[in-house]
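Taking it in order: structure first as structure tokens, then the write-up.
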Amino acid sequence: MKSVKAYRYRWLILIGLMALLLAVGMQWMNLSPVGRVVNIYYQGQVSSIFSNPVEFLSLAYLLIFVVGSIPASYVIHRLGITVSIRIAAGMIVFGALGKWIYLSNFSIVLFCQLILALAQALVLNSITEIVSRWFPIRERGMAVGMASAAQYFSLGIVMFLSPLMVVTKANAPNYGSGIEAMMGMYAALCSVFAIAAAFLIRENPPSPSSILQREPSVSFLNSFKAMNKIPSLRGLMIIFSVGWGVLITLLVKIDTISEILGFPDSDGRLGIVLLVGGMIGAIVLPSLSDRWRKRKAFFVFCNLCSIPGVLLLVFSQDLGSLLWGNQVFALLGAFIIGFCLLSSIPIGSQYAAELGHGISEEIIQALLLLFSQASGALILIITLVSRGQYAGQLLSGLAALLFAAMMGSTFLKESEVIVTEEERLNQVIEKEIVHLQ
């Protein structure tokens, strides 16, 4: 029998990572829940081609992530986790404070948004690498799920607080007031979270967390060739990007979708319910995936069960005319989407890391997220260029994309690591005598 140590400090590492995800998540979407107000606030400062400032800021976040994803993974590969996280923390503080201080100038806000997007690339690309260093095999799906839940929680915070701090009642005399105070609060919160994470996160535990260790035999450049030789990993990246693109579209356009579905004010209810479902699912389903040692089955399940959620949004007004009201069905659909689709993100991330076992995880995550953000950016560009002409067909199109993703996911192979956990690695796990330090 071979012993490994699971240090109690791993929970502080996870808390630091979650704090960092809270910071970048809040800065990404903090204006989306009050999109109708913000569009009026920046009226005249944005090109007529992209007449929606909120969606333009979110699109810029995605595009910069696409450009910066591979360089960010290289920075992590060369400088290590600790230095990379501290660089990201500094960028978060700079970007958050800049957005607040120069809020009235859209150009400066856009520049700070780009800085924050680069910080997000460093943070997201490091998640599975940090988890694999500090957590034993049996806890990794759960740890990645908790990190994802923190990201969803950050979006839930803005869905709740932004409408609460800004006057969004359309007929109110002070309509739109409170934006400055809201951004100041977010800047303070994000700065505190980022600085705390910079001090908490460390490079490596004193000894390995598992007897299954990745051999750093594949160089940075050769990693891309190695990944291309794994068909299921290539397929997973495409399918993952479709789900992530749908999710990004729903979150960025949540206020627009709420208006289409008959929610009169920018109160964020639809987004809050979606993210509450995501926070619950992101902890429950990855943990069950760990326990039952199945990645593919849970990934297919998440894609399959998210489709009825989108269909409930599509037909909420028709169903509501028969029973309960359209908002009840819309909120139920949002919860199902959150519980299933948002859970597929941590499961898919860990699934990809296991399919590419032996390849640097920051590189796998870089490509996985690059394709995902590009997918979301493409959908947003189409909706922006069309200027809402096909807004009524948006949800139906998203449901069709999820159906295609579900069908594609059935052709993937199970993770080799999970298979050996079921047949061979299960014996390895039983041999791990975990001493809590």
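For (1) at pLDDT 80 or above; (2) among the aliphatic types (A, V, I, L, M), each residue gets a yes or a no:
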{"site": "Leu288", "(1), (2)": "yes, yes"}
{"site": "Gly309", "(1), (2)": "yes, no"}
{"site": "Gly333", "(1), (2)": "yes, no"}
{"site": "Ile359", "(1), (2)": "no, yes"}
Q) Would the stretch 423-433 turn up any residue that is surrounded by 15 or more Cβ atoms within 10 Å (Cβ to Cβ) and at pLDDT 75 or above? A) no
Q: Kindly indicate whether Ala399 is among the small types (Gly, Ala, Ser), modelled with pLDDT of 80 or more and closer than 22 Å to Glu259 by Cβ.
A: yes
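Conditions tested, residue by residue: (1) buried (at least 23 other Cβ atoms within 10 Å of the Cβ); (2) touching a residue at least 12 places away in the same chain (Cβ under 8 Å); (3) under 25 Å from Gln373 (Cβ atoms).
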site	(1), (2), (3)
Ile87	no, yes, yes
Leu114	no, yes, yes
Glu139	no, yes, no
Gln151	yes, yes, yes
Ile157	no, yes, yes
Q.
Condition (residue is touching a strand residue (DSSP E or B) at 6+ places or on another chain (Cβ under 6 Å) and modelled with pLDDT under 80) applied to the stretch 211-227: is it met by at least one residue?
A. yes
Q. If you take the residues of the stretch 299-358 that are without any contact (Cβ under 8 Å) to a residue 24 or more places away in the chain and of a type in the set (A, V, I, L, M, F, W, C), which of them is surrounded by the most Cβ atoms within 10 Å (Cβ to Cβ)?
A. Phe329
Q) If we keep just the residues of the stretch 159-185 that are of a type in the set (S, T, N, Q) and touching a residue at least 40 places away in the same chain (Cβ under 8 Å), which is surrounded by the fewest Cβ atoms within 10 Å (Cβ to Cβ)? A) Thr168
Q: Check Gly145 against each of (1) of a type in the set (Gly, Ala, Ser); (2) buried (at least 24 other Cβ atoms within 10 Å of the Cβ); (3) free of Cβ contacts under 8 Å to residues at least 12 places away in the same chain and name the one condition it does not meet.
A: (3)
Q.
Can you find a residue that is aliphatic (A, V, I, L, M), in a helix (DSSP H, G or I), closer than 17 Å to Phe240 by Cα and at pLDDT 85 or above anywhere in the stretch 368-384?
A. no
**Q.** Selection from the stretch 237-291 of residues that are of a type in the set (Gly, Ala, Ser), in a helix (DSSP H, G or I), closer than 17 Å to Val54 by Cβ and more than 16 Å from the chain's Cα centre (by Cα)
**A.** Ser258
Q: Could you grab the pairs with beta carbons closer than 8 Å, sequence gap of 6+ or different chains, first residue in the stretch 6-22 and farther than 18 Å from Pro346 by Cα, second one among the aliphatic types (A, V, I, L, M) and surrounded by fewer than 22 Cβ atoms within 10 Å (Cβ to Cβ)?
A: Ala6/Val434; Ala6/Leu436; Tyr7/Leu436; Arg8/Leu436; Leu12/Leu200
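The values are calculated or read from the model by the stated rules, or taken from the named source; none is laboratory data. All values reported here derive from a predicted model rather than from experimental measurement. Every residue, glycine among them, receives a Cβ derived from its backbone with ideal geometry; neighbour counts consider all protein chains shown.
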